[in-house]
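Heads up, the thing below is written out as structure tokens.
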Amino acid sequence: MRASFALRHPRAQRRLTTGIAGLLAWVLCLGFASPSWSTSLDEAETLFHTGKYDECIKAVAQEIDDGARGERWRVLKITAELTRGKYAEALESLKNAYRFYPTSVSLRFLGRDVYRFNGKDQDAANSLAMIERLVLASPERYSSPPDRVALGRFFLSRGADARKVLDQFYDVAIKQDPEFVEAHLATAELALTKQDFALAASTLRKAPKEAAVDPRYHFLLASAYADDDRAGSAKELDEALKINPRHVDSLLLRAEQHIDAERYGEAEKTLKQVFAVNPSEPRAWAFQAVVAHLRSDKKGEEAARLSALEPWGKNPEVDHLIGRKLSQKYRFAEGSALQRKALEVDPSYLPAKLQLCQDLLRLGDETEGWSLASEIFAKDGYNTLAYNLTTLHDRVSSFRTLQDSEFILRMDPREADLYGQRALDLLRRARKTLCEKYGVTLKEPVVVEIFPQKKESAVRTFGMPGAEGFLGVCFGRVITANSPASQGEHPSNWEAVLWHEFCHVVTLTKTRNKMPRWLSEGISVYEEENQDRSWATALNPRFREMLLDDDLTPLSKLSSAFMAPPSPLHLQFAYFESALAVSFLVEKAGLAALKSVLDDLGEGITINEALPRRTKMTLDQMDKEFGEFARQKARKVAPDLTWEEIDLPAEASSVEITTWLEKHPRSFPGQLRLATRLITEERWDKAREALETLRKLYPEYVGAENAYAMLAKVYRRTSDKAAEHAVLEDLAARNGSASEVYLRLMELDEAASDWKNLKKNAQRLLAVNPLIAAPHRSLARAAEQLGEREEAITAYRALALLSDTDPAEVHFRLAKLLLQSGKRTEARREVLKSLEDAPRFLEAHRLLLDLIEGDKPKSSR
């Protein structure tokens with residue numbers, strides 16, 4: 001994944017998982033009328049909410065034996081028993097409750113899960129059917145807020161339209177009683193299942209204050225914040241577990257976060273806490289199966305999966321959950337197979353259909369994937385992800401496809417005309433270079449889709465708009481990327497992005513998608529630098545400091561650097577450090593050893609087993625030597641400079657700065673500040689002297705106010721074009737996205753009639769922004785002068801789509817080149833376009849006459 005460094009774990013891949021504990025706890029707040037022992041009921045509910053489930057069961061049982069009335073007592077006891085995995089006891093409690101409250105919708109809906117987890121699927125179906133009969137017989141009986149919430153959940157379970165449930169049940173319940181907590185929680189749950197995270201969060205923020213004593217409130221907020229506000233999510237999750245350290249949903253969310261961060265040992269510790277509450281909790285066993293799979297423990301995986309299915313053999317959530325987590329680890333083939341298993345037991349299970357749809361699109365099985373998206377949206381119009389995908393499908397259908405036996409490249413038609421062939425040629429070079437280097441044979445064409453809008457790319461990649469910062473993503477044989485049009489005034493080098501992403505295709509194929517993120521990203525960044533030095537990430541002062549301080553992550557734990565970086569800078573550093581780790585491995589053990597590590601990963605060997613096996617170093621030794629390797633690299637950067645910040649006001653003169661430098665003569669910030677001030681004061685000789693010194697001391701620095709750019713300004717003001725060109729060329733070789741530098745070099749090259757350099761710099765600019773006229777114009781001019789007719793024709797064709805300054809001249813030059821190539825019909829078409837724009841264009845008239853004369857038969861001339 002090539003990123004300009006932003007978040008990870010896109011929200012569309014996260015789904016609210018509320019098993020029995022989450023699904024059933026709602027009944028505790030339904031607010032049914034109860035007699036004088038309601039204080040005791042409140043105390044019992046507090047026992048439940050704080051995780052004292054056995055005490056709750058005992059207290060409620062005693063109250064029932066003493067004659068307590070009201071179905072809330074029965075619901076509370078059954079819910080607590082289910083939470084503890086006491087399914088047989090819950091069944092007996094349910095049967096007893098039906099004797100007293102046969103028309104209770106809450107008990108009937110609760111009965112669905114009681115029966116299921118006792119292996120009584122038909123009784124579960126009958127329980128739901130009874131709700132329908134009860135409501136049809138006496139609809140007026142079920143109009144209270146608690147009943148509306150209960151019926152809303154029931155109708156959702158039957159596949160009802162989510163918006164209607166919101167409008168006709170939950171919203172009405174809130175209007176009837178704004179202080180009714182359960183209606184707010186139910187609305188948030190529904191929003192989360194539909195990936196409407198904003199609605200979930202806003203609904204919870206509007207909930208009554210007493211909601212904050214319920215761990216579910218904080219759990220739901222943690223789920224809503226999980227991707228956009230990680231700190232807020234962590235705070236809410238901590239709050240939920242503070243109220244109830246045994247809250248199953250919250251513990252499972254924490255376990256899932258550990259799995260995402262590859263902290264599998266921590267995940268298992270958390271799962272043990274869940275098993276202490278309910279040894280049969282299906283979702284916990286599903287997560288245990290995920291951990292076993294990621295450790296290549298096939299027996300452990302199957303045993304955990306069977307344990308997850310033991311209480312209810314037809315539970316579709318089990319395979320769906322395992323598959324969803326595997327897909328998040330890029331195991332899309334395994335994930336999609338598990339979604340199909342889930343759909344075998346319940347063909348209507350929408351979460352599995354939705355995940356299968358995403359998996360198929362990422363696997364390149366687009367016909368079935370897009371069809372599923374349409375099917376899901378037709379059945380669930382409120383599903384944000386399905387809506388986004390169906391809308392995107394209409395957009396992608398309008399794209400131009402450039403295709404050969406190796407690639408299927410889809411782009412906006414206009415962009416395809418401007419640089420589509422160039423992109424295809426680059427991908428072919430990447431395929432030849434990288435497949436040969438890593439010994440990989442690709443059996444199917446690679447799908448590449450380039451989107452002119454960020455939101456389109458985000459939907460194709462993550463299912464939701466947002467996810468700012470990602471330039472490209474690779475799923476295996478499918479690559480998605482942002483075009484320069486989506487990146488504002490300063491786009492990144494799209495050629496570097498595609499090279500990076502195609503490297504992922506190679507390494508993911510070699511490892512069968514079984515590689516840690518740090519190694520995948522590290523190799524891709526490493527290969528960018530190998531292909532073009534200007535694509536390399538420069539070792540800037542902040543990275544140098546981070547390498548030397550505590551920010552350096554041990555090689556054996558590098559994946560953790562990607563999981564929850566405290567800032568975009570730290571994520572950027574994770575990419576840099578990963579590439580540095582790959583350089584270390586190649587230097588210490590050789591490329592062959594690295595390739596063998598990839599082979600081992602493909603066979604299911606874990607990274608921490610494969611690395612020692614192939615490098616002949618223990619993990620501790622590797623961490624120690626890598627740390628020294630990284631620090632040594634940092635020390636070699638600008639060794640004669642120091643880094644103390646200058647403590648003078650912004651308006652300080654060069655004299656004042658020079659005085660400060662007498663005490664800090666080697667300060668990089670001070671030397672940079674002096675050079676900047678000398679330019680402001682137009683003391684060009686002094687500025688040049690300071691900048692030349694700074695460039696020699698720190699040639700790697702190409703950040704803001706770098707010596708190269710400032711020297712170029714000095715040389716331009718002193719009319720030294722040769723020196724300006726030389727210093728800009730040095731900068732261009734170090735910075736692959738320096739559009740302004742390329743533009744200035746093109747000006748200097750054309751003025752000097754240096755056609756070879758003009759062509760080179762025009763191509764550099766095309767690699768950054770092919771959507772502007774300048775690089776096409778310069779390339780056309782240079783190719784024309786160098787006699788490279790076909791390249792000139794291609795450049796003029798592109799320029800004709802962009803240029804609004806002198807279209808007549810562009811069409812005329814294109815006509816002349818086409819005529820020289822023997823393409824008379826196309827030449828005539830272009831010269832007519834030229835005359836259409838400039839009817840008095842004399843040379844175009846002459847060319848048209850020549851074409852007409854040349855087309856006449858010899859006898860009529």
Quiz prompt | Answer residue from segment 263-306, given it is part of a loop (DSSP other than H, G, I, E, B) and among the basic types (Lys, Arg) and is nearest to LYS52 (Cα to Cα) among those | solution = ARG263
Quiz item: Any idea how many residues of segment 195-220 are open to solvent by less than 30 Å² (accessible area, probe 1.4 Å) and under 24 Å from the mean Cα position of the chain (by Cα)?
Solution: 6
Quiz item: Restricting the search to segment 153-182, which residues are of a type in the set (A, V, I, L, M, F, W, C) and either touching a Leu at 6+ places or on another chain (Cβ under 7 Å) or assigned to a helix (DSSP H, G or I) (or both)?
Solution: PHE154, PHE155, LEU156, ALA162, VAL165, LEU166, PHE169, VAL172, ALA173, ILE174, VAL181
Quiz item: Inside segment 729-745, can you point out the residues that are open to solvent by less than 10 Å² (accessible area, probe 1.4 Å) and in a helix (DSSP H, G or I)?
Solution: LEU731, ALA732, TYR742, LEU745
Quiz item: Among LEU41, LEU76, LEU47, LEU28, which is surrounded by 17 or more Cβ atoms within 10 Å (Cβ to Cβ), part of a helix (DSSP H, G or I), modelled with pLDDT under 50 and in contact with an Asp or Glu (Cβ under 9 Å, 6 or more places away or on another chain)?
Solution: LEU28
Quiz item: Can you tell me which residues in segment 114-135 are outside any helix (DSSP H, G or I) and surrounded by fewer than 17 Cβ atoms within 10 Å (Cβ to Cβ)?
Solution: GLY119, LYS120
Practice problem: Read through the list (1) of a type outside the set (S, T, N, Q); (2) closer than 24 Å to VAL345 by Cα; (3) surrounded by 17 or more Cβ atoms within 10 Å (Cβ to Cβ); (4) touching a Lys or Arg at 6+ places or on another chain (Cβ under 7 Å), then give the number of the only condition that ALA97 fails. | Solution: (2)
Practice problem: Inspect segment 648-659 for any residue being farther than 30 Å from THR680 by Cα, among the charged types (D, E, K, R) and either surrounded by 14 or more Cβ atoms within 10 Å (Cβ to Cβ) or within 32 Å of the chain's Cα centre (by Cα) (or both) and give the result as yes or no. | Solution: no
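Of a type in the set (A, V, I, L, M), in a helix (DSSP H, G or I) and under 24 Å from PRO484 (Cβ atoms) - does that describe any residue in segment 767-778?
Yes, segment 767-778 contains at least one residue that is of a type in the set (A, V, I, L, M), in a helix (DSSP H, G or I) and under 24 Å from PRO484 (Cβ atoms).
Scan segment 753-765 and give yes if some residue there is modelled with pLDDT of 95 or more, among the basic types (Lys, Arg), over 35 Å from the mean Cα position of the chain (by Cα) and buried (at least 21 other Cβ atoms within 10 Å of the Cβ), otherwise no.
There is at least one residue in segment 753-765 that is modelled with pLDDT of 95 or more, among the basic types (Lys, Arg), over 35 Å from the mean Cα position of the chain (by Cα) and buried (at least 21 other Cβ atoms within 10 Å of the Cβ).
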Quiz item: Looking at GLU501, GLU489, GLU545, GLU449, which is the one that is of a type in the set (Asp, Glu), out of contact with any strand residue (DSSP E or B) (no Cβ under 7 Å at 6 or more places or on another chain) and in contact (Cβ under 8 Å) with a residue 24 or more places away in the chain?
Solution: GLU545
Quiz item: In this structure, is SER405 free of Cβ contacts under 8 Å to residues at least 12 places away in the same chain and more than 29 Å from HIS320 (Cα to Cα)?
Solution: no
Quiz item: Does at least one position in segment 703-712 carry a residue that is among the hydroxyl-bearing types (Ser, Thr, Tyr) and in a helix (DSSP H, G or I)?
Solution: yes
Exercise. Only residues that are open to solvent by 10 Å² or more (accessible area, probe 1.4 Å) and within 15 Å of TRP535 (Cβ to Cβ): list them for segment 470-492, please.
Key: LEU471, SER492
Quiz item: Restricting attention to segment 78-129, which residues are of a type in the set (Lys, Arg) and touching a Ser or Thr at 6+ places or on another chain (Cβ under 7 Å)?
Solution: ARG108, ARG112
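Select, from GLU724, GLU656, the only residue that is of a type in the set (D, E, K, R), in a helix (DSSP H, G or I) and free of Cβ contacts under 8 Å to residues at least 24 places away in the same chain.
Details: GLU724 fails: free of Cβ contacts under 8 Å to residues at least 24 places away in the same chain.
One residue alone meets the criteria, GLU656.
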Quiz item: What residue, among those in segment 508-540 that are aliphatic (A, V, I, L, M) and part of a helix (DSSP H, G or I), is nearest to VAL586 (Cα to Cα)?
Solution: ILE523
Quiz item: Which of the residues spanning segment 375-414 are surrounded by fewer than 17 Cβ atoms within 10 Å (Cβ to Cβ) and of a type in the set (Ser, Thr, Tyr)?
Solution: THR391, SER397, SER398, THR401, SER405
Quiz item: Which number in (1) within 29 Å of the chain's Cα centre (by Cα); (2) closer than 26 Å to PHE668 by Cβ marks the one condition that ALA638 misses?
Solution: (1)
Practice problem: Scan LYS443, LYS432 and give me the residue that is modelled with pLDDT of 95 or more and either farther than 29 Å from TYR796 by Cβ or open to solvent by 60 Å² or more (accessible area, probe 1.4 Å) (or both). | Solution: LYS432
Self-check item: Tally, over segment 498-528, of residues that are farther than 20 Å from ARG331 by Cβ, of a type in the set (A, V, I, L, M) and open to solvent by 10 Å² or more (accessible area, probe 1.4 Å)
Solution: 1
Quiz prompt | GLY111 vs. criteria more than 30 Å from ALA386 (Cα to Cα) and open to solvent by less than 20 Å² (accessible area, probe 1.4 Å) | solution = yes
Quiz prompt | Flag for PHE629 being hydrophobic (A, V, I, L, M, F, W, C), open to solvent by less than 10 Å² (accessible area, probe 1.4 Å), free of Cβ contacts under 8 Å to residues at least 60 places away in the same chain and assigned to a helix (DSSP H, G or I) | solution = no
Quiz prompt | Lone unmet requirement of (1) surrounded by 11 or more Cβ atoms within 10 Å (Cβ to Cβ); (2) at pLDDT 90 or above for THR825 | solution = (1)
Quiz item: Could you say whether any residue in segment 615-629 is of a type in the set (Gly, Ala, Ser) and in contact with a helix residue (DSSP H, G or I) (Cβ under 6 Å, 6 or more places away or on another chain)?
Solution: no
Practice problem: Determine which single condition LYS616 fails, assuming it passes every other condition in (1) surrounded by fewer than 19 Cβ atoms within 10 Å (Cβ to Cβ); (2) under 19 Å from LEU558 (Cβ atoms); (3) basic (Lys, Arg). | Solution: (2)
Quiz item: Which residue pairs have Cβ atoms closer than 7 Å, lie 6 or more positions apart in sequence or on different chains, and pair a first residue in segment 326-349 that is closer than 17 Å to ASP260 by Cα and touching a residue at least 12 places away in the same chain (Cβ under 8 Å) with a second residue that is open to solvent by 40 Å² or more (accessible area, probe 1.4 Å) and in a helix (DSSP H, G or I)?
Solution: LEU326/GLU334; PHE332/LEU363
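Please enumerate the residues belonging to segment 307-355 that are within 17 Å of ASN513 (Cβ to Cβ), part of a helix (DSSP H, G or I), open to solvent by less than 30 Å² (accessible area, probe 1.4 Å) and not hydroxyl-bearing (Ser, Thr, Tyr).
Once the filter is applied, which keeps residues that are within 17 Å of ASN513 (Cβ to Cβ), part of a helix (DSSP H, G or I), open to solvent by less than 30 Å² (accessible area, probe 1.4 Å) and not hydroxyl-bearing (Ser, Thr, Tyr), segment 307-355 yields ILE322, GLY323, ARG324, LYS325, LEU326, PHE332, GLY335, LEU338, GLN339, GLN355.
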Quiz item: Within segment 136-159, can you find the residues that are of a type outside the set (Ser, Thr, Tyr) and surrounded by 17 or more Cβ atoms within 10 Å (Cβ to Cβ)?
Solution: PRO145, PRO146, ASP147, ARG148, VAL149, ALA150, LEU151, GLY152, ARG153, PHE154, PHE155, LEU156
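The values are calculated or read from the model by the stated rules, or taken from the named source; none is laboratory data. The structure presented is a predicted model; accordingly, all values stated were derived computationally and were not measured. Please note: Cβ atoms are built from the backbone with ideal geometry, for glycine as well, and neighbour counts cover all protein chains shown. Remember, those area values only see protein heavy atoms, side chains included, never the ligands or the DNA or RNA. Shrake-Rupley method; radii C 1.70, N 1.55, O 1.52, S 1.80 Å.
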